[in-house]
1. Among residues belonging to the range 181-211 that are acidic (Asp, Glu) and without any contact (Cβ under 8 Å) to a residue 40 or more places away in the chain, point out the one that is surrounded by the fewest Cβ atoms within 10 Å (Cβ to Cβ).
2. Identify, please: which residue in the range 62-81 is β-branched (Val, Ile, Thr) and in contact with a His (Cβ under 7 Å, 6 or more places away or on another chain) and is, among those, nearest to Thr39 (Cα to Cα)?
3. Criterion first (at pLDDT 95 or above and over 19 Å from His29 (Cα atoms)) does Ile190 satisfy it?
4. Considering only the range 31-58, state which residues are surrounded by fewer than 19 Cβ atoms within 10 Å (Cβ to Cβ) and in a helix (DSSP H, G or I).
5. Within the bounds of the range 73-86, is there any residue that is on the phi > 0 side of the Ramachandran plot, surrounded by 23 or more Cβ atoms within 10 Å (Cβ to Cβ) and not in a helix (DSSP H, G or I)?
Amino acid sequence: MKTTKRNVKIVVISDTHLGTIGSRAKELHQYLNSIQPETIVLNGDIVDIWQFSKRHWNKYHTKVIKQILKFISNGVKVHYIVGNHDEALRRFLNFELEGFKISNKLSMNLDGKKAWFFHGDVFDVTMEHSRWLTRLGGFGYDLLIFLNSIVNRGLTFFGREKLSFSKTIKNKVKAAVSYINSFETTVVEIAMRNNFDFVVCGHIHQPVIKKFKSKSKTVVYLNSGDWIENMTALEYNNKKWSMFHYNSELFQNNVDDHEYKDVKTLFSDLVEDITLTTSSL
């Protein structure tokens, strides 16, 4: 039984980190499969090229890519903004096929207001040595996610609420809170100087919609969060922004009726989809 898809004017997703152990690709696919957007902004770190591992790329990671390709072939505008974990794609900047484009940043006019989209890593003061720091810290983060998943299985079994170790750490450690505040302030100040009404980022995995006011200007700062822990997306409809928070109860009737039997079938199907998509553009 098919469920009715929600119409959404603009959807912003970032930091899915496909190809890593922490990516919640199954939940992301359920979300993407439940909406009918006019425009999608993939705001960086979609495929994690820095920490990519074949053993973590399961069928749901492929299904996310297939769903995005399906959107493109159906006429949905898809903007891919490059982040730091997928920076290898910068060699393809300004690549464009009909409604699909790869870029560093994006500006839009939304009902008479100016919106500025970018990942946010260029305004991160920690990025100078970020690649080796990320790889060094990647093992620890993966271990934390793994241990967290074991604990959450136990909590679910006993009917208790799930916990997020890394989210708790980030919210409690003063240095992390100071870093987030500094990031937001820097981004908003630049947006104000350039006369934007909305500034939309990813990168720091902190979903939020927040107003900043100066004497002459009000800017709404938005961060789409991530699909590691928060499982959030920004949605723009009827001249308003809202934050979607994934809840498994919303998808209880969402039946995945197409299961791949093996890896060869999975990848051959994906290649076929890519071929059909590019040939139709």
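1. Glu189
2. Ile81
3. no
4. Within the range 31-58, Lys54, Arg55, His56 qualify.
5. no
The values are calculated or read from the model by the stated rules, or taken from the named source; none is laboratory data. Quick caveat: nothing in here was measured; it's all calculated off a predicted structure. Positions of Cβ are generated from backbone atoms using ideal geometry, with glycine treated the same way; all protein chains shown enter the neighbour counts.
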